[in-house]
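What follows is a single structure, written as structure tokens, with notes after it.
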Amino acid sequence: MTTTDHPQHSHLDRSATAADGAVPARAGVGFKTMHAAEILDTQPDLGWFEVHPENYMVAGGPRHALLTQIRERYPLSLHGVALSLAGADPLDTDHLVALKRLVDRYEPGLVSEHLAWSAHGGHYFADLLPIPLSEEALDRVCENVDVTQSVLGRRILVENPSNYILLPGNTIPEPEFLTAVAQRTGCGLLLDVNNIYVSARNVGYDAAAYVGAIDADVIGEVHLAGHKVDDAGPQPLLVDDHGATVCDPVWDLYRRLIARVGPKPTLVEWDTNVPAWQVLYGEARTAERLMHQSVRQAELASA
């Protein structure tokens with residue numbers, strides 16, 4: 001889906017918003033250093049930026065210099081990929097301390113992590129690996145969320161995973177599992193609409209029902225992304241690679257979600273095959289236009 005329309009909204013006082021740090025219910029994108037010069041030169045009308053904290057867990061250097069300039073102009077979200085919230089091992093204390101240091105340094109409006117594991121027995125894997133959703137797993141994830149929130153001194157968001165196979169031992173539906181984590185720990189949810197679509201196609205559940213099952217009050221952020229199709233196996237497999245434009249079925253799910261829950265901070269992820277800035281910015285503009293359009297349509301329907 002492409003568009004040249006611009007969303008109509010009340011423009012925020014960006015300096016005040018950046019100083020406050022709160023992430024607004026607008027569209028944002030992942031900050032890439034390759035786009036830094038153009039962003040800083042043009043200061044586009046964008047709600048916020050998101051980064052992976054693991055890329056900034058050093059004392060200084062050019063990455064921090066650029067991110068500091070972005071943070072002076074825009075609210076920021078930290079989206080972790082290596083905390084291993086769902087892992088069987090205790091959380092890595094050094095990692096938590098480094099994350100806390102970043103949170104204190106940049107005062108992000110949002111901090112999030114994945115419902116996944118990426119470390120075991122001192123070995124780290126460059127992937128977000130799934131878990132069987134069981135009562136035992138629920139207890140473990142809640143304990144790790146509690147520890148994380150205690151160390152950080154703030155609420156975090158937990159993101160739903162991409163699924164590629166049905167794991168043995170699943171006894172709790174994923175929306176129910178995530179809702180239970182939020183209720184028991186006070187955390188929020190980062191609802192990734194592309195992950196819902198990818199998982200629904202891969203393992204055969206109803207994406208629209210999933211989108212309709214999550215309590216609006218616990219959704220703190222929404223993610224959108226592109227994916228690829230792997231035809232190497234007997235059945236096509238959708239792979240959440242964040243390497244393309246958002247597809248129309250994912251836009252449709254997003255409209256359905258926003259019409260029900262209202263505007264939410266919405267990120268367009270693009271982490272592989274990263275395009276020119278104007279392409280990424282165009283996807284964010286589309287997200288913001290659809291956000292406002294969906295809210296207006298829902299208001300008219302309920303009038």
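Of all beta bridges that DSSP places with both ends in the chain, some 20 percent have antiparallel geometry.
Length gained on full extension, residue 232 to residue 165: 22.6 nm, using 0.36 nm per residue less the C-alpha separation. Between residue 55 and residue 146, the distance separating the two model label sites (each 7 Å from Cα on the Cα→Cβ line) works out to 3.4 nm.
Under a 5 Å amide H cut-off, with hydrogens placed 1.01 Å from N, residue 157 pairs with 111, 112, 113, 188 among residues at least 5 apart or on other chains. Near residue 26, the amide H atoms lying under 5 Å from its own belong to 266; only residues 5 or more places off or on other chains count, and H is placed 1.01 Å from N. Label separation (residue 127 vs residue 244): 2.1 nm, computed from points 7 Å beyond Cα along the C-beta direction. In terms of overall dimensions, the C-alpha atoms belonging to region 64-106 reach 39, 16, 13 Å along their principal axes, ordered largest to smallest.
Averaged over residues, the count of other Cβ atoms within 10 Å places the peptides 228-238, 187-197 in the sequence 187-197, 228-238, highest first. Per residue, the chain reaches -13500 deg cm²/dmol at 222 nm when only DSSP H runs of four or more residues are counted, each adding -39500 (n - 2.57). A full extension of the chain between residue 180 and residue 63 corresponds to an added length of 38.4 nm, given 0.36 nm per residue minus the alpha carbon distance. Taking label positions 7 Å along the Cα-Cβ direction at both residue 302 and residue 96, the computed distance is 3.9 nm, reported to one decimal.
Peptides 59-67, 244-252, 292-300 ranked from most to least packed give 244-252, 292-300, 59-67, packing being the mean of other C-beta atoms within 10 angstrom over each peptide's residues. A Cβ-based charge dipole, computed about the Cα centre of region 14-302 with Lys and Arg at +1 and Asp and Glu at -1, lands at about 820 debye.
The stretch between residue 209 and residue 32, if pulled fully straight at 0.36 nm per residue, gains 60.3 nm over its current Cα-Cα span. Only helices reaching 18 angstrom along their own axis (Cα) with mean Kyte-Doolittle hydropathy no lower than -0.5 count here, and for the DSSP H runs of the chain these are 93-106, 135-152, 248-261.
FYI, it's all coordinate maths here, none of it is from the lab. None of these values were measured; they are calculated from a predicted model. As a convention, Cβ positions derive from the backbone with ideal geometry for all residues, glycine included, and neighbour counts pool all protein chains shown.
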